[in-house]
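The structure under discussion appears below in the form of C-alpha cells.
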Amino acid sequence: MKKIIFLSVFFFLFHAGNISSQNDLSTYHFSIDLTKLHNDLLTVNLITPSFTTDTAVYRMPAIVPGTYKIYNFGRFVFNFHAYDKSGNELNAYHSDANTWKIPGAKKLDHLSYDVEDTWDSNQRGEVIFEPAGTNFQQDTNFVLNNHAIFGYFDGMKKNNYEIQIAHPNGFYGSSGLISTIKDMNTDTYAVPDYMQLVDGPIMYCRPDTAHILVGGADVLISVYSPHKLVTAKFIADSLRLLLDLQRQYLGGTLPVKNYAFIIYCTGNPDGYRSHSFGALEHSYSSLYTLLEMKPELIAQTIKDVSAHEFFHIVTPLSIHSKEIGDFDYDVPKMSEHLWMYEGLTEYAAHHVQIKYGDLSLDNYLRDIRHEMISADNFDDALSFTKMSKGCLDEYEDQYNNVYAKGALIGLCLDIRLRQLSDGKYGTQELMNDLSKKYGKDRSFDDDSLFSDIVKLTYPEIGDFFKRYVEGGEPLPFDSIFDAVGIGYQRRAMVKVLDPMGGYGIRYDSDGKLRLFPGNVNDFGREMKFQKGDVLLSFNGKKVTGENISEVMDHYRAGMKEGDKIKFVVKRNVNGKTETVKLKGTLRTVQVSKKYVLTPYDHPTDQQLKIRKAWINK
C-alpha cells in the first residue's frame, strides 16, 4: 500500500539560544542542514513533544530491523544539549551509549546534537554495514539512514514525526518516503511514527534517476556513481524484466504503489569499512552499497541482490511476528522465523527467475548446489528456529546460513507442498495466503506461525517443520528431488571438461586477475597453474576484469575434448616477476563432486507434473 502522509506541516526557525516554534505538543519537529557540515559532523535540531513526566529519556537505537547486529548508534552522537523555551540549558545525562536522561522534562522545549557519519568513523565497536549507516560527503553525496540521525523519547515511538532537510542547490532526495513540501533547497517529510521514519532511508546527490511503471507501482531508480559508470537508465533497463517477473510471481500486481531502489557505488574497492557489498530492505525502498564498475559486470549482481531485497515487501515487511511489528530498538527480541524472513526470500529471488524467466534448469541446479556447499560451512544439526532466536549472541556465527540452508528449506517446503496438492499449491500461494491473514499492520504470534501454516495447508507440513526447521534433521533431499524427477547424490565421481583444471579466477583490488586453487584436478596439475598466477591472456586474447567472464563463457559454450589451449600468466620466480606461457590439450577428467543433481532420463508423468508446477519446465 502507499504510505499515507496526513500530518500538517510546520516551518520553524532556529536561532542562537532561542527557537520560535509552532508545536502541536505531540509531534517531533526535526531539522538538519546538509550545507552546514563542520568537522564531518551534522547538527541535528529538535523541537520536542511536550512532557507530563519529570524526566525525559532520549534514545538512539542499539539495533534496527534487518541488521541482526547490535550497532549502538548513540556512539556517533556528540555535543548533546537540551534547552527550555527561553534558551536556558537543562541538565542532560549520558547514562549509556544510546541514552540521555533529562530531568525537569516539563520545561524541555528543544535540543540539539551533532552526529558523525558511520562510513568513515573510527569509533570503536561493531563496524556498521554501510546500507545501515550514514555517509556525509560535502557537496557530493549524503546517505541518510534516519535511525543513525534521529532518535525518540521513551514512550513516544508512536508519536508523529516531521523532518525538515535543507540540502545543497541542485541536490535531489531519493527515498521511499514522500516529501510533503518541497522548495528549491528544502524537503519536509512527515510520518506517523518512528518505525516508519526508520523504514525510509534517503540519499541526496545530484540526480541520476529513472522510473519504471510495473504492476501498478511507480518504481524509482536512483544511482550515485562517482565516475558515471553505472547509470539509472542502465539499472532500470536491467530491472524492468525482473520486476515484471516478480509481479507475476506475486499474483499479477505488486503490493506497493511506490518503491525506490537507492544505489550508491564506490570507485574504491576498499571504500567500505565493512569490506562488504550488499543492501538493506525496507517496506518501500532498498538501499544498496556496491562497487562501481562497468555496467555489464555489475548487472547480474544488481539483479540477484535486487530480487532478494524487493521480495522483502512480502516478508518480513508484510508477514512478521510481534517481535518485528513492535520492534524493540533498545533490547531486541529476535523472532524464530529467519527461515522465512531471509531463507524463503532468498529462495524466491532465484525461483522467480527460472519459473517465469529464461534461467535454464542446469543453471538453476548449479545455484542450488552452491547453496548446499555454502551450508556445509555451518552446523547442520542446529535447530533453525533456535539459531534464529540466538542470532545476536550465541549463534551469531551461524547467521549467514539463512542464505544457504534457509533457501534450501524454502525449496524443500515448496516441493513438498506441490507434492501434497498435486501441483496446485506451493510457497507462492502460501505467502499470498499469509499476507491476506496478516499484513503490514497485523503481526502474528511467533510461536503460532507453524500451526497457522498447517491450518492453511496439510498436517504433513507440521511434521516437516518439526523435523527439519525446529529439529536438527538433515533436509530430505533424496525424496524431495525424486518428486520432481531429479536425482540427488551427496557425492559422486563425474567426468568434467574444465579449461581451468579446478582453479578459480579472482579479480583483486589491485585490478589483476589471480588464480587460486579450488578442487584442482589432474588437468589443472598438467597445465602447471600456480596459486597467485596473474592471468594475462587466454588463447591469444587479452583478458581483464571487464571481459574475463565473457571470454571464458564463450569458450566453454563450444569447447570439446582435444582442444589446444594456451594461457599467458605472470608469476613470481625466485623473487622476480616473469611472463610464463602455459599450453595444454583439453581433456575430460574424473573428479569427486559433492551434491550432484541430475535430471532423470525417463521421469514419470507425475514427476513431470510436479516439476512443471514447481518451475514451469
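Of the residues 209, 140, which single one is in contact (Cβ under 8 Å) with a residue 60 or more places away in the chain and either touching a Ser or Thr at 6+ places or on another chain (Cβ under 8 Å) or surrounded by fewer than 16 Cβ atoms within 10 Å (Cβ to Cβ) (or both)? Only one candidate qualifies: 140.
Annotation note: of 388, 374, 360, the sole residue that is modelled with pLDDT of 95 or more, in contact with a Lys or Arg (Cβ under 9 Å, 6 or more places away or on another chain) and among the polar types (S, T, N, Q) is 374. Hey, could you check region 257-284 for residues that are free of Cβ contacts under 8 Å to residues at least 40 places away in the same chain and surrounded by fewer than 16 Cβ atoms within 10 Å (Cβ to Cβ) and say which is nearest to residue 316 (Cα to Cα)? Selected residue: 275. Of the residues examined, residue 522 is not one that is without any contact (Cβ under 8 Å) to a residue 12 or more places away in the chain, open to solvent by 30 Å² or more (accessible area, probe 1.4 Å) and under 18 Å from residue 503 (Cβ atoms). Quick check on my filter: what residues within region 553-590 are of a type in the set (A, V, I, L, M), under 42 Å from the mean Cα position of the chain (by Cα) and modelled with pLDDT under 90? Within region 553-590, 557 is the sole residue that qualifies.
If you go through region 156-169 one residue at a time, do you hit one that is at pLDDT 95 or above, farther than 22 Å from residue 281 by Cβ and β-branched (Val, Ile, Thr)? Yes, region 156-169 contains at least one residue that is at pLDDT 95 or above, farther than 22 Å from residue 281 by Cβ and β-branched (Val, Ile, Thr). When we screen 324, 298, 319 for residues that are modelled with pLDDT under 95, open to solvent by less than 20 Å² (accessible area, probe 1.4 Å) and under 28 Å from residue 156 (Cβ atoms), the only hit is 319.
Pick out the one residue from 481, 538 that is open to solvent by less than 80 Å² (accessible area, probe 1.4 Å), closer than 30 Å to residue 431 by Cβ and touching a strand residue (DSSP E or B) at 6+ places or on another chain (Cβ under 8 Å). Steps first, please.
Working: 538 fails: closer than 30 Å to residue 431 by Cβ.
Testing whether each residue is open to solvent by less than 80 Å² (accessible area, probe 1.4 Å), closer than 30 Å to residue 431 by Cβ and touching a strand residue (DSSP E or B) at 6+ places or on another chain (Cβ under 8 Å) leaves just 481.
Inside region 214-239, residues that are in a helix (DSSP H, G or I), surrounded by 19 or more Cβ atoms within 10 Å (Cβ to Cβ) and either without any contact (Cβ under 8 Å) to a residue 24 or more places away in the chain or touching an Asp or Glu at 6+ places or on another chain (Cβ under 8 Å) (or both) make up a count of 1. Figure legend. Inter-residue proximity from region 594-605: first residues among the acidic types (Asp, Glu), second residues at pLDDT 95 or above and open to solvent by 60 Å² or more (accessible area, probe 1.4 Å), beta-carbon distance below 6 Å, spacing 6+ or different chains. No pairs are indicated.
Checking each residue in region 327-376 for being among the basic types (Lys, Arg) and surrounded by fewer than 20 Cβ atoms within 10 Å (Cβ to Cβ) picks out 333, 366, 369.
Looking at 581, 570, 609 in this structure, which one is touching a residue at least 24 places away in the same chain (Cβ under 8 Å), in a strand (DSSP E or B) and among the basic types (Lys, Arg)? Going through 581, 570, 609 in turn, the sole match is 570.
Can you say whether residue 448 is closer than 20 Å to residue 615 by Cα, without any contact (Cβ under 8 Å) to a residue 60 or more places away in the chain and of a type in the set (S, T, N, Q), as far as the supplied structure shows?
Values: closer than 20 Å to residue 615 by Cα: no; without any contact (Cβ under 8 Å) to a residue 60 or more places away in the chain: yes; of a type in the set (S, T, N, Q): yes.
Answer is no for this residue.
Among the residues making up region 77-99, those that are farther than 20 Å from residue 145 by Cβ, part of a strand (DSSP E or B) and open to solvent by 10 Å² or more (accessible area, probe 1.4 Å) are 79, 81, 83, 89, 90, 93, 94, 95, 96. Taken over region 321-374, the residue count meeting the criterion of being within 14 Å of residue 428 (Cα to Cα) and among the polar types (S, T, N, Q) is 2.
For beta carbons closer than 6 Å, sequence separation of 6+ or different chains, a first residue in region 359-380 that is under 19 Å from residue 617 (Cβ atoms) and a second that is part of a loop (DSSP other than H, G, I, E, B) and open to solvent by 40 Å² or more (accessible area, probe 1.4 Å), the qualifying pairs are 361/617. Picking from residues in region 18-76 that are at pLDDT below 95 and on the phi > 0 side of the Ramachandran plot, the one that is nearest to the chain's Cα centre (by Cα) is 66.
For every residue, the table says whether it meets (1) under 18 Å from the mean Cα position of the chain (by Cα); (2) among the small types (Gly, Ala, Ser); (3) outside any strand (DSSP E or B).
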{"residue": "120", "(1), (2), (3)": "no, no, yes"}
{"residue": "128", "(1), (2), (3)": "yes, no, yes"}
{"residue": "136", "(1), (2), (3)": "no, no, no"}
{"residue": "139", "(1), (2), (3)": "no, no, yes"}
{"residue": "143", "(1), (2), (3)": "yes, no, no"}
{"residue": "150", "(1), (2), (3)": "no, no, yes"}
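Answer yes or no as to whether residue 420 is touching a helix residue (DSSP H, G or I) at 6+ places or on another chain (Cβ under 7 Å) and surrounded by 22 or more Cβ atoms within 10 Å (Cβ to Cβ). When the stated conditions are applied, residue 420 does not pass them. Residue 274 meets the conditions (1) touching a helix residue (DSSP H, G or I) at 6+ places or on another chain (Cβ under 7 Å); (2) assigned to a strand (DSSP E or B) in every case but one. The failed one is (2).
Looking at region 407-446, which of the residues that are more than 28 Å from residue 354 (Cβ to Cβ) and out of contact with any strand residue (DSSP E or B) (no Cβ under 9 Å at 6 or more places or on another chain) is modelled with the highest pLDDT? Looking at the filtered set, the residue picked out is 442.
The values are calculated or read from the model by the stated rules, or taken from the named source; none is laboratory data. Note that this is a predicted model, so its numbers are computed, not measured. Every residue, glycine as well, gets a Cβ built from its backbone with ideal geometry; the counts of neighbours run over all protein chains shown. Remember, those area values only see protein heavy atoms, side chains included, never the ligands or the DNA or RNA. Shrake-Rupley method; radii C 1.70, N 1.55, O 1.52, S 1.80 Å.
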